[in-house]
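As C-alpha cells, the structure follows; a few thoughts come after it.
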Amino acid sequence: MNDIEALAESQLNDKHYLQSVTHLGDTRSIVANREIYTSTGMKLIGAGMQINSSLYERLLQHKLVPPLDQSLTTEDAVNGASLVEQATRMMQEDKQLALIQSVKSDGQTLVSVLKQVPLNPAIAFKLTVMRETNADLFRRSIYVALVSIYIGMKLHMDKHQLKDIATAAVLHDIGLLHVDPKLLEREHRMSETERRHLYVHSVTAWMILKAYPEYKNKVLDAVLQHHEHLDGSGYPRGLKSGEIGQFAQIIAVAEIVASRYGSDNDAQSWSRLETILKLNLRRYGRNLIPCLKIFYQDEVEAPPCSEIDMQNALEKMSGISAIFTAWEKAQSECDVKIPACAFIDERMTNLRMEIIDAGLNPNVEDNQLFGLEGDAEACFDARMLLDETMWQLGNILREIQRRWPAVDSDDPLPEFKTAKAWMQEVKALL
C-alpha cells in the first residue's frame, strides 16, 4: 500500500464522518440494523439501538465491524425517486440546467437515467448523511451528474454507459464526507498537510465503493480519476491522457460547470466559464469542451471598465510576464531530469500556449492592454483571463508543494535550489 492509499484508508475511520452521523441522530431516527463490534470482537452496539451524539466518544475509540454505513438505517433515505425529485427541482430553479432538461437519447431523459443509479443500502445511507449534513455538496453532486449525463448523450453513449456515468457522477465526491468540513469552506486557507488530506478524497471514495458489487470497474475508475488531467497536472496519481478513462474526463469538465452553480453574480460567473475552458483545453479534452457551449452561449452585458479595473489588470499582466521571464532565466539551471523541474517546465510551456491561444501574450507586458478601457467587453474578457491565469500559476505552486514537499523546504537540496528560488519569486508576485 502506498502513502496515498494509506492516508485514504485512515480516513475511512475518521472522526469527522462519525461525528456527522452521530450528531445527525440527534435530529432524526438512525437505528443499528445489526450488532456492531470492535475489531477485537467486543460488542459495542446492539441491533435496534438508536444512534446519536451520546455514542460519539464511545464509537470513536474503535475500528467498527461491520463498517458504520453497513450497520445503520434511517428514515427517508436517499433513493432513485428522491434523486429525481431533487434534480427536477434544481432544473426548475437553475437557468443553465433548464437549458438541458429536455435533451433525450433513445427516449431517455436526464432524470430517467438518474433514477437508474444503483444505490446499495450502505451507499444510500451515506448519501443521506451528505444530503442532511452538507446540502451544497449533495446538490453539486446531482448537478455534476446531470451535466455528465448530458455530455454522454451528446457523445451518443448507449443506455448502459449513461447509467454508469450517472452512477459515478452522483457518487464521485462521497470521500469528502471523510475530511474535516473546514477544508471545504471557501475562506479556509489550507496547510500542506490539510491539502494532502483533501487530495486523497477520490481514493477514499474508491475504497468505499469497491466493497460493493453494484459498482463496476468503469464506475470505480471514474470516481478514482475524476481529478486527473490530460496533461498530468491532476491528482492523486498525476495520470496523463491515455491513462484516464472517458467517464473521469467527463466528470472533470462537469465539475467545472457545477462550480458556477449558486454563484452570486450569475451572468458574469457563467461568462467566466468560457474563459476557464479556454485555459484548460489541454487538461480536459478538446472533444468534451464543445459540449458545454450551451452553458455560456447567451450574450452577457459586460460591466464598465473603470480606471481601477485597468490598473489592476495592468499590474496582473506585469506580474504574469515577470513570472514567465523568471522561469525562462531559471530553466538553464533547473535540470529537467529532476521531476520537479520537468513538471514546472511542462506546466509553464502549456500555460503559455493556452494564454496565447486565449488572446494574450505573457511575454509582452501591459502595452497589449492599452485601449481596453474603451471596450467594456474586451476589458472584461481580459480581466477574467488574467484572474484565471493567476489561479493557474498558483496551482502550479500547490502541485509542486504536494508532489515534492522537499523543493519548498527551508533548506532544500542543491538540485532543488533553482526551483525553490523561482517559487519564492512567484509567491511574491502573486
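The values are calculated or read from the model by the stated rules, or taken from the named source; none is laboratory data. Since we're looking at a predicted model, the values are computed, not measured. Counting neighbours? That spans all protein chains shown, and the Cβs are built from the backbone with ideal geometry, glycine included. To get the accessible areas, we keep the full protein, side chains included, count just its heavy atoms, and leave off ligands, DNA and RNA. Shrake-Rupley method; radii C 1.70, N 1.55, O 1.52, S 1.80 Å.
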(message) Using a 10 angstrom Cβ neighbour count of at most 15 plus a DSSP loop assignment to flag exposed GluC sites (Glu not before Pro), which longest range of the chain is free of such sites?
(response) 302-430
(request) Can you send over the solvent-accessible area of VAL31, 1.4 Å probe, protein chains only, in Å² to the nearest 10? (result) 40 Å²
(request) Filter the trypsin sites (Lys or Arg not before Pro) in the range 277-364 to those in DSSP coil with at most 10 other Cβ atoms within 10 Å of their Cβ, and list the result. (result) ARG286, LYS337
(message) With Cα extents along the principal axes in Å as the read-out, I listed (i) 72, 56, 39; (ii) 89, 42, 37; (iii) 85, 56, 49; which label goes with the value calculated from this structure?
(response) (i)
(message) Please give the Cα centre distance for the range 125-143 versus the range 382-430, rounded to the nearest Å.
(response) 34 Å
(request) Sticking with the crude label model, points 7 Å out along Cα→Cβ, report the distance from GLU243 to ALA421 in nm, one decimal please. (result) 3.1 nm
(message) With the cut-off at 22 Å, tell me which of the pairs LYS126/LYS216; LYS182/LYS216; LYS240/LYS427; LYS216/LYS278 have Cα atoms farther apart than that.
(response) LYS182/LYS216; LYS240/LYS427; LYS216/LYS278
(message) With unit charges on the beta carbons (Lys and Arg positive, Asp and Glu negative) and the dipole taken about the Cα centre of the chain, which residue among ILE256, GLN246, GLN331 sits farthest to the positive side?
(response) GLN246
(request) Show TRP404, TRP391, TRP327 ordered by accessible area, largest first, where the area counts protein heavy atoms only and the probe is 1.4 Å. (result) TRP391, TRP404, TRP327
(request) For each cysteine in the chain, check whether another cysteine's C-beta sits under 4.7 Å from its C-beta; list those where none does. (result) CYS291
